[in-house]
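Worksheet for the structure shown next.
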Amino acid sequence: MVVLLRLGRGCVFDLGVSLCCGQVFRWELVGDWWWGVVGDGVWRVRQVGDRLEFENVEEERVREYFGLNVDLPRILREIGKDEYARKAVEAFKGLRILRQDPWECLVSYVCATYKGIPAIKKMLFELSRRFGHKIMFENRTFYAFPTAEKLARASMNRLAECGLGYRARYVRETARKVHDEHVNLESLRKAGYDDAQKELLEFPGVGPKVADCVLLFSLEKLEAFPVDVWVRRVILRHYAQHFPDKFINKISEEKSLSNSEYATLSLWGRKYFGKHAGYAQEYMYHYERTR
DNA sequence: CAAGTGCCTTTATC
DNA sequence: AGATAAAGGCACT
């Protein structure tokens, strides 16, 4: 049964951009419907103007998952600190940060290191197909995201077959830690940014960038400001005046950032854009990538 | 079409 | 602390 949700004023939302912008990797567009597996359920969602239609999921879950309960117009005003930020916001107005499952998000971003989005999608698709349980919906086959237990027991070979490369070891070790130590990632939603980040950094394959992505995309830490190559480029091109020349010269030459350089950039983002800095990051990331 | 480059970085080592 | 190297393989040019 298709349920209809009319997006009221103040509830600006763009489903397509939100699913395409590189924060989530397992949604598929079929015709004008988006199909996605969330938890153990297959959702079908489409947007027609200010109407959001969905199937096989309750409205409350939809609101929660797509972040419809946050006051986006207010956040966008708040992060529009300068001309560049306002341009990025204007270009993709309606992009919302989703509230993903923390376990799936953690594995996704461990896999995402030093990879492009198409390759990330492929890895997660293969992981789910091989290790996730099968779900039939509308005569189509879907796979739930594999549990920590399943990945903890996976052989290195079968993980490597998913295209993980050297990440296979990190995924398995991270899965083992979650499973063996009965880690409850959801509980990190109640923790503050610093405490939650500290916990995430304990997982193999998780550095500051991956931790920030998990904090932002699944643990409701909207102040998290992940700095990847694209965001670094944005800073170099548009915000260099906020840093000493020496620092800017240094990070423009290097291929990768040291931990302290990363911390400098990420902390600057949080201070400059405020408590919803993650939204600024996502708009600028997507804006920079699509030029 | 082949070869080169880049990729939402982290870890190990010195 | 800071510098340096190594680590799949896929997608795009």
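Derivation of every value follows stated rules applied to the coordinates shown; laboratory data play no part. Keep in mind that what you see is a predicted model, and the values were worked out from it rather than measured. Cβ sites come from the backbone with ideal geometry, for glycine too, and all protein chains shown count toward neighbours.
Divide the volume of the convex hull of the Cα atoms of chain A by its number of residues and quote the answer in cubic angstrom per residue.
130 Å³
Whole number please: convex hull volume per residue of the Cα set in region A:154-260, in Å³?
Taking only Cα atoms, region A:154-260 has a hull volume of 126 Å³ per residue.
Between residue A:264 and residue A:81, how high is the FRET efficiency from 1/(1 + (r/R0)^6) when r is the Cβ-Cβ distance and R₀ = 22 Å? Nearest 0.05.
After rounding to 0.05, the efficiency reads 0.75.
Considering all projection directions equally, how large on average is the shadow of the alpha-carbon convex hull of region A:229-290, in square nanometres?
Result: 4.1 nm².
Using a simple charge model, +1 on the beta-carbon of Lys and Arg, -1 on the beta-carbon of Asp and Glu, nothing else, what dipole does region A:229-290 show about its Cα centre, in debye to the nearest 20?
100 debye
Would you grab the residues whose amide H sits under 5 Å from the one on residue A:137? Only those 5+ places off in sequence or on another chain, please, with H modelled 1.01 Å from N.
HN-HN under 5 Å from residue A:137: A:142.
Ranked highest first by the average count of other Cβ atoms within 10 Å around their residues, in what order do A:253-263, A:217-227, A:25-35 fall?
A:217-227, A:25-35, A:253-263
Which order do the peptides A:135-147, A:180-192, A:275-287 come out in when sorted by mean C-beta neighbours inside 10 angstrom, highest first?
A:275-287, A:135-147, A:180-192
With charges set only on the Cβ (+1 for Lys and Arg, -1 for Asp and Glu), what does the dipole of chain A come to about its Cα centre, in debye to the nearest 20?
The calculated dipole for chain A is roughly 600 debye.
Would you be so kind as to identify which of A:151, A:256, A:216 lies farthest towards the positive end of the dipole of chain A, taking Lys and Arg as +1 and Asp and Glu as -1 on Cβ and the Cα centre as origin?
After comparing all options, I get A:256.
With respect to the cross-link table entries A:121/A:209; A:209/A:255; A:122/A:209; A:81/A:209; A:250/A:271; A:246/A:275, which display a Cα-Cα separation exceeding 25 Å?
Where the Cα-Cα span goes over 25 Å, the pairs concerned are A:246/A:275.
Can you list residues from other chains, or at least 5 along the same chain, whose modelled amide H is less than 5 Å from the amide H of residue A:38?
Residues meeting the amide H criterion: A:43.
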